[in-house]
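The numbers here are math on the coordinates, done by the rules we state, and not lab data. Worth saying up front: this structure is predicted, and the values here are computed from it rather than measured. When we count neighbours, we look across all protein chains shown, and the Cβ atoms used for this are built from the backbone with ideal geometry, even at glycine.
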Amino acid sequence: MRAIRLTSAALVVLCATWGASLGAQQPAPPKPDFNGRWVVVSPREGAGQEQVVTVDEKSLTKARPDGSRKMVYQLDGVERRMPLPGGGTRMASDITIMAAAKWDGNRIVITTITNYSAGMRTEGKDVWSIDAQGRLVIDSTETGNGAPSAPIKIIFTRKGKI
């Protein structure tokens, strides 16, 4: 009888431990801080260009330091029609941009479809992350009318916090 009680007690402890480990969830890692004034360091052709990025719970905004070419992405994954930055010209009115953005773990993924009046269409994907050195890295791919272009890795260093 005593052996049965010990076995039962051991099973209760084992089940409780097993259940606790199954129920215990690791807290989500903190999301990286993309906010700041960023300067391109690579590729060399873009070196020195700056952009200002602000991210809150609902959106990512990027613009030139003077506030021009501003793009605001809602971080809910819903595709939306976006105004063309610097638009207002007749040519700009002939371009339609559809974009969706969302968090994917500790990265932000932005997908775009751009339609031009001449029938050209491009699809793009930008994956934003912060590397171990604290740099903003955007891995960018684009296809135009079915032909993929070479992926581009744009690396920025933070010039300042916002």
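Treat each spin label as a single point 7 Å out from the Cα along the C-beta direction, and report the ASN145 to ARG37 distance in nm.
A separation of 4.1 nm, rounded to one decimal place.
Can you list the equivalent-ellipsoid semi-axes of region 32-160, largest first and in whole Å, using the square root of 5 times each Cα gyration tensor eigenvalue?
Each semi-axis is the square root of five times an eigenvalue, giving 24, 16, 16 Å.
Take TYR73, TYR116 and order them by how many other Cβ atoms sit within 10 Å, fewest up front.
On the way: TYR73 21, TYR116 13.
Going from least to most buried by this count: TYR116, TYR73.
Treat each spin label as a single point 7 Å out from the Cα along the C-beta direction, and report the ASP94 to ASP76 distance in nm.
Simple spin-label model gives 3.4 nm for this pair.
Summing Lys, Arg as +1 and Asp, Glu as -1, what charge do residues with Cβ under 10 Å from the Cβ of ASP33 carry, ASP33 excluded?
+3
With r defined as the distance between the Cβ atoms of LYS58 and LYS161 and R0 fixed at 22 Å, what FRET efficiency is calculated, to the nearest 0.05? Spell out each step's value before the answer.
Details: r = 20 Å, r/R0 = 0.91.
The computed FRET efficiency comes out at 0.65.
Holding the Cα-Cα limit at 18 Å, pick out from LYS62/LYS125; LYS62/LYS102; LYS31/LYS153; LYS31/LYS161; LYS125/LYS153 the pairs that are longer than that. All intermediate terms of the calculation are to be shown ahead of the outcome.
Numbers: LYS62/LYS125 16 Å; LYS62/LYS102 15 Å; LYS31/LYS153 21 Å; LYS31/LYS161 16 Å; LYS125/LYS153 12 Å.
Violating the 18 Å limit, Cα to Cα: LYS31/LYS153.
Along region 56-66, what does the Karplus equation 6.51 cos²θ - 1.76 cosθ + 1.60 (θ = phi - 60°) give for ³J(HN,Hα), rounded to whole Hz, x for Gly and Pro?
10, 4, 10, 8, 10, 10, 10, 7, 6, x, 7
List the residues whose amide H sits under 5 Å from the amide H of SER42, counting only those 5 or more places along or on another chain, with H placed 1.01 Å from N in the peptide plane.
Amide H neighbours of SER42, under 5 Å, 5+ apart: ILE155.
Apply the Karplus parameterisation 6.51 cos²θ - 1.76 cosθ + 1.60, with θ equal to phi minus 60°, to every residue of region 119-136 and state each ³J(HN,Hα) to the nearest whole Hz, in sequence, with x for glycine and proline.
Coupling constants for region 119-136: x, 6, 9, 10, 10, x, 9, 10, 10, 9, 8, 10, 7, 5, 8, x, 8, 7 Hz.
Summing Lys, Arg as +1 and Asp, Glu as -1, what charge do residues with Cβ under 12 Å from the Cβ of LYS159 carry, LYS159 excluded?
+3
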